[in-house]
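Here's the structure we're looking at; comments come further down.
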Amino acid sequence: MELDIAKESERITANCSRDSSNLIPILQEAQGKFGYLPAEAMQKFARFLKLPESTVFGVSTFYAQFKLAPTGRNKITVCRGTACHVRGGVRILREVERQLGIKPGETTNDMENTLETIACFGSCALAPVMVVDKNVYGRMTTTRVAQILGKTK
Amino acid sequence: MEEIRLTIDGQEVKAKPGMTVLEAARSAGIYIPTLCADPDLKPYGGCRLCIVEIEKLRGFPTSCTTPVTEGMVVKTNTDAVNEVRRTVVELLLSDHPSECLICHRRKRCGPFDICLRNVAVTERCVTCAKNEHCELQDIVDYLGITELPFKHTERSYPVDTSNPFFYRDLDKCVLCGKCVRVCDEVLGVGAVAIINRGFGSKVATFGDKPIIDSNCVSCGECVVHCPVGALMPKVTERPTEEVATTCTYCGVGCGMYLGVRDGKVMSVRGKREGTVNNGFLCVKGRFGFDFIHHEDRLKYPLIKKNGKFAEASWDEALELVATKLGGYKPDELAVVSSAKCTNEDNYVAQKFARVVLKTNNVDHCARLCHAPTVAGLVQSFGSGAMTNSISEFRDAGCIFAIGTNTTEAHPIIALELKRAVDNGARLIVANPREIDLVRWSYLWLQHNPGSDVALLMGMMRIIVEEGLLDQAFIDKRCENFDAFKVALKGFDLDSVARITGVPKEKIAEAARIYATKKPSAILYAMGITQHSHGTDNVIATANLAMLTGNIGKPASGVNPLRGQNNVQGACDMGALPNVYPGYQAVTDAKVKSKFEAAWGGSLSPSVGLPVTEIVEAAYKGKIKAMYLIGENPLLSEPDITHAEEALDKLEFLVVQDIFLSETAKLADVILPGVSFAEKNGTFTNTERRVQRVRKAVEPIGESRADWEISCQVGKKMGGKGFYFKNASQIMEEIASLTPSYGGISYKRLEKGGLQWPCPTPEHPGTPILHTQQFTRGKGQFIPLEYKPPMELPDKQYPLVLTTGRSLYHFHTGTMTRKVAGLNVLKKEGEVEINPADAAKLGIADGDRVKVVSRRGEVVTKANVTEVSPAGVVFMTFHFAESPANRLTNPALDPVAKIPEYKVCAVRVEKA
Ligand code: SF4
Ligand code: SF4
Ligand code: SF4
Ligand code: SF4
Ligand code: FES
Ligand code: FES
């Protein structure tokens, strides 16, 4: 069921003081509740905390934990670190992009998959690495991309 | 004040305590490269270019954040420091168009020179509007950078051209943060912030949308402060000459330089020294000058023949005006002067009315804005003007802003309020609408339109009951307190809360804050005056100030914010039916004979008609001919349908204006006056500061200065005292007859404005009134009772209409509607309506709607917003297409004769 953004945002701020130091906790709660930060919610928070809307936007875009658009049911992360890069990480990424028809940071229209990249996943021995939700796939090849993505559908 | 001595680069430098090393160096003429430091902004320490070496301090402190101390030894230009600076700049340049920047031929190069570096034309300093004025170039030259170690990465952001006055080319941005800080720290707008991080960092609006879709108010301060070519005005040509003058758009009276090139005004720059605005300007002042050279300017006299205007010579037109006006009795004539014109213009206009036409039927539009201020404050204090000065607000402990939408109508004063709040002042806003100021307020009293007397009396009763009054001040400086105290009885908190709609606790809290957080300043504007009981409202504010001793002291007082640029001056000059210049009563025989002697003619002893009654008399056929200067009553009068009929009945109407206004179309003769850029003179701003207006360009076509025209008509009609050679001579005559202007002369004004009273050539002017005693001797408490507005909502007309102004337009829009960019920012009128009311009526945001009152109807666009409370709708009065004053109620205040613009009953329906 769709959440009523205005109502939920008000619920989030209901027990807070109007102190600008509450911004990050409020945004975290909103991120948790909506899965992203809807513009309407950010505007409500700005008004509540008496902050410029642009400032709230600046903070929301500074931290990687906040998303500005709804994300898909599955999160697909392709590593772009050095180790993965030298072992063809870019080709894995291109293949995922081709299969899903989206670029990093985007979500498929059916809201199934969101594609992201990461600077290093910390499993360089397994390079190139791709992660689907909590499953790590090492030693990736382009042909395995289709198989794995097939499963996620 | 103490002095601190320090040594910078071997030079002994004297500094004031609290100065930073950077400021000390700059005051001694020593250059330190900087990108993020700015005298208007708090120290930031972001760019690290201003680093220096300081003996006994480790590392390289940033000079912009380090305060000076006695005996400090500073080196600004060492190899070690420059090494670090170089790295900083090299990193900056890795994503800045840099090929020209480090090229040794830059200063000799033209945009299309063949370049061995193969620089794209779009990437060149030589094609950048900031070339040769760019702080980044200065820094690169200072550091002698000629090559760059990092690979260049392009950012390629699209240029944002959405604002009509400036563009944003963020490829050139060095992320100094000045635009973000000025917009937040100084303006309190916060339209932009730095978003993302690392390489993706950029200056952006909420949602990274074009700036036009943000809450930006187009003041252009970010453009002024940007050190590089990232934010640039769309007109980039530079003026060849600059003329210091005073803004024509509101009573703040900001100082500015008009930039002139080829005989045209093509830029405006804020003036810092000796001004109220410290260099800041609002959108109208900075960008609203296109009207000066607009093609629709009236260039020749026009005479109406068979219903059509035909060009005429000055001789012909003046002759006709003189003969026609000469054919009427004094009682049948009226002169309406203008708060937009200079003091000199107004002085001559009223002199003409009194000496030549022999009538005191002379008035101007102050009647429609601040007549109650004059009427009310004169009764309370003896002088009807702002008691304190704009620059004092920042030191106030409490600011009580009632009936003023300061950010829209007096934007530069709003900056001072913002500053006061930053300094810890408690801002109390009393306004039915959720205006912008509410964001900075400590307390917001959302009272019902027209319930001001009840609110203020209720607050005063609390102050008396809780013993928060200043009894010593009352005993020593005031009178009639006991009678006043009796009147408070009727204002118990319960009934006040019921009348005003404000919760009891809030009223009490406001009273306590105002009474205890001294000094407390009251600010008000038309929300107080434009009522059928406007004079009572004004008196209530005066009572409140006296009750707590908040008057006659710095940062306190009763401060009416005057709307138009020279409305204070037009009043001072006696463009009023009851007084000569300097508020000297026409009914006072001694005064009259003084003016008869000076002006060389007999004068009428009886008070003339105010403009609202002039219109009425015209309707009844009693006034037969009118000489109207720079006014547009057909948009500004209440119930304009009626005003139109009245003017139509005139036998002869002369209009002197710069454009063919709605009113000018009805004229028999039109005389082309000039704009503020084409004449010399003075304006008196809201804080009584007389400031120079200087001629920057020649009059357009055959137009003439307004005082010149009135003089010529005067001479033609046989008037004697109209042989002025220039504006300065007029000021000499004003000074000789007006005690409060006695010490004012153009020579003195060269050094900056002077605040009246300034009785003698040695007098420094008066920033604060009533310090020792009130102008009338003792301050008078006046008992009041609550009177509801004349027209209240009922079944047929269930909503209250209140009217006001928009930041982007001035008065009836005669000038601002001619500025293309301002009409991009605000192109049409709207009616603001609360979502609850809109839902009941089935109206959606943006729908065309009809607003209907007992007097007429107007079709306009609905703006569904919570800014207006349920039951109240709001319109501005600038737009001829949707004239709010077709609806307003001409009910007059019995004393000040001001119409009730702020409250009338309407209904809204889908169009
Ligand atoms: S902003 Fe300055 S350095 Fe950059 S291109 Fe323009 S003139 Fe050159
Ligand atoms: S023009 Fe004024 S309001 Fe707009 S972004 Fe710049 S500083 Fe802010
Ligand atoms: S746009 Fe100009 S003022 Fe704003 S951060 Fe960039 S360089 Fe600084
Ligand atoms: S605040 Fe008033 S005087 Fe100042 S620039 Fe704006 S319109 Fe002009
Ligand atoms: S580089 Fe890909 S996991 Fe470390
Ligand atoms: S000017 Fe001092 S750090 Fe930028």
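Working only within region B:169-213, note down all residues that are more than 12 Å from ligand 2 (Cβ to nearest atom) and on the phi > 0 side of the Ramachandran plot. Across region B:169-213, the qualifying residues are B:LEU175, B:GLY177, B:ASN196, B:GLY198, B:GLY207, B:ASP208. Strands (runs of 3 or more DSSP E) fully within region B:167-253 that include at least 2 residues being within 10 Å of ligand 3 (Cβ to nearest atom), touching a residue at least 60 places away in the same chain (Cβ under 8 Å) and aliphatic (A, V, I, L, M): B:231-233. All conditions in (1) over 17 Å from the mean Cα position of the chain (by Cα); (2) within 14 Å of another protein chain (Cβ to nearest Cβ) hold for A:TYR63, with the sole exception of (1). The residues of region B:590-613 that are open to solvent by 10 Å² or more (accessible area, probe 1.4 Å), farther than 26 Å from B:MET386 by Cα and assigned to a helix (DSSP H, G or I), listed by number, are B:LYS590, B:LYS592, B:SER593, B:LYS594, B:GLU596, B:ALA597, B:ALA598, B:GLU613.
So which of B:ALA696, B:ALA643, B:ALA705, B:ALA667 ends up being open to solvent by less than 50 Å² (accessible area, probe 1.4 Å) and over 26 Å from B:GLN568 (Cα atoms)? After ruling out the rest, the residue left standing is B:ALA667. Listed conditions (1) out of contact with any strand residue (DSSP E or B) (no Cβ under 6 Å at 6 or more places or on another chain); (2) outside any loop (DSSP other than H, G, I, E, B); (3) closer than 24 Å to B:GLN350 by Cβ are all met by B:ILE709, apart from (1). Within region A:77-86, is there a residue that is within 13 Å of chain B (Cβ to nearest Cβ) and among the hydroxyl-bearing types (Ser, Thr, Tyr)? No, there is no match, as no residue in region A:77-86 is within 13 Å of chain B (Cβ to nearest Cβ) and among the hydroxyl-bearing types (Ser, Thr, Tyr). Scanning region B:369-391 for residues that are under 17 Å from the mean Cα position of the chain (by Cα) and not β-branched (Val, Ile, Thr) returns B:CYS369, B:HIS370, B:ALA385, B:MET386, B:ASN388, B:SER389, B:SER391. Scanning region A:128-141 finds no residues that are more than 16 Å from ligand 6 (Cβ to nearest atom), closer than 17 Å to A:TYR36 by Cβ and not charged (D, E, K, R). Across region A:39-60, the qualifying residues are those that are among the small types (Gly, Ala, Ser) and within 17 Å of the chain's Cα centre (by Cα), and the one among them that is nearest to the other protein chains (Cβ to nearest Cβ) is A:GLY58. Checked against (1) away from chain A (no Cβ under 13 Å); (2) away from ligand 4 (no atom under 16 Å from the Cβ); (3) surrounded by fewer than 24 Cβ atoms within 10 Å (Cβ to Cβ); (4) not polar (S, T, N, Q), B:LYS209 passes all but a single condition, namely (1).
Taking the listed residues B:THR587, B:THR535, the one that is open to solvent by 10 Å² or more (accessible area, probe 1.4 Å) and among the polar types (S, T, N, Q) is B:THR587, with no other qualifying. Screening B:ASN163, B:ASN215 for residues that are farther than 18 Å from B:HIS133 by Cα and away from every other protein chain (no Cβ under 14 Å) leaves exactly one candidate, B:ASN163. Scan region A:64-79 and tell me whether some residue there is over 29 Å from A:ASN109 (Cα atoms) and without any contact (Cβ under 8 Å) to a residue 24 or more places away in the chain. Taking every residue of region A:64-79 in turn, none turns out to be over 29 Å from A:ASN109 (Cα atoms) and without any contact (Cβ under 8 Å) to a residue 24 or more places away in the chain. Could you check, for region B:229-239, whether at least one of its residues is in contact with a strand residue (DSSP E or B) (Cβ under 7 Å, 6 or more places away or on another chain), within 14 Å of chain A (Cβ to nearest Cβ) and under 28 Å from B:LEU175 (Cβ atoms)? Within region B:229-239, none of the residues are in contact with a strand residue (DSSP E or B) (Cβ under 7 Å, 6 or more places away or on another chain), within 14 Å of chain A (Cβ to nearest Cβ) and under 28 Å from B:LEU175 (Cβ atoms). If the condition is being at positive phi and small (Gly, Ala, Ser), then region B:42-86 contributes B:GLY45, B:GLY59, B:GLY71.
Quick one: is A:GLU53 within 16 Å of ligand 2 (Cβ to nearest atom) and either under 22 Å from B:LYS209 (Cβ atoms) or touching a strand residue (DSSP E or B) at 6+ places or on another chain (Cβ under 7 Å) (or both)?
So A:GLU53 passes the test.
Among residues of region B:1-38 being among the acidic types (Asp, Glu) and open to solvent by 80 Å² or more (accessible area, probe 1.4 Å), the one that is nearest to B:PRO61 (Cα to Cα) is B:GLU23.
Residues in region A:28-38 that are within 14 Å of chain B (Cβ to nearest Cβ) and hydrophobic (A, V, I, L, M, F, W, C): A:LEU37 only. If the condition is being among the polar types (S, T, N, Q) and either crowded, with 16+ Cβ neighbours inside 10 Å or under 23 Å from the mean Cα position of the chain (by Cα) (or both), then region B:749-782 contributes B:GLN755, B:THR766, B:THR775, B:GLN780.
Scanning region B:168-203 for residues that are more than 8 Å from chain A (Cβ to nearest Cβ) and among the basic types (Lys, Arg) turns up B:ARG168, B:LYS172, B:LYS178, B:ARG181, B:LYS202.
Within region B:293-309, the set of residues being exposed (fewer than 15 other Cβ atoms within 10 Å of the Cβ) and farther than 30 Å from B:ASP262 by Cα comprises B:LYS305, B:ASN306, B:GLY307, B:LYS308.
Please determine whether any residue of region B:240-258 is on the phi > 0 side of the Ramachandran plot and in contact with a Ser or Thr (Cβ under 7 Å, 6 or more places away or on another chain). Yes: region B:240-258 contains one or more residues that are on the phi > 0 side of the Ramachandran plot and in contact with a Ser or Thr (Cβ under 7 Å, 6 or more places away or on another chain). Going by what's in this entry, would B:LYS271 be described as under 30 Å from B:GLY752 (Cα atoms), open to solvent by 30 Å² or more (accessible area, probe 1.4 Å), away from ligand 3 (no atom under 16 Å from the Cβ) and more than 14 Å from every other protein chain (Cβ to nearest Cβ)? Considered against the rule, which asks whether it is under 30 Å from B:GLY752 (Cα atoms), open to solvent by 30 Å² or more (accessible area, probe 1.4 Å), away from ligand 3 (no atom under 16 Å from the Cβ) and more than 14 Å from every other protein chain (Cβ to nearest Cβ), B:LYS271 comes out as yes.
The values are calculated or read from the model by the stated rules, or taken from the named source; none is laboratory data. Bear in mind that the values here come from a model prediction, so they are computed numbers and not experimental data. When we count neighbours, we look across all protein chains shown, and the Cβ atoms used for this are built from the backbone with ideal geometry, even at glycine. The protein model used for the area step is the full one, side chains on, heavy atoms only, and it has no ligands, DNA or RNA in it. Shrake-Rupley method; radii C 1.70, N 1.55, O 1.52, S 1.80 Å.
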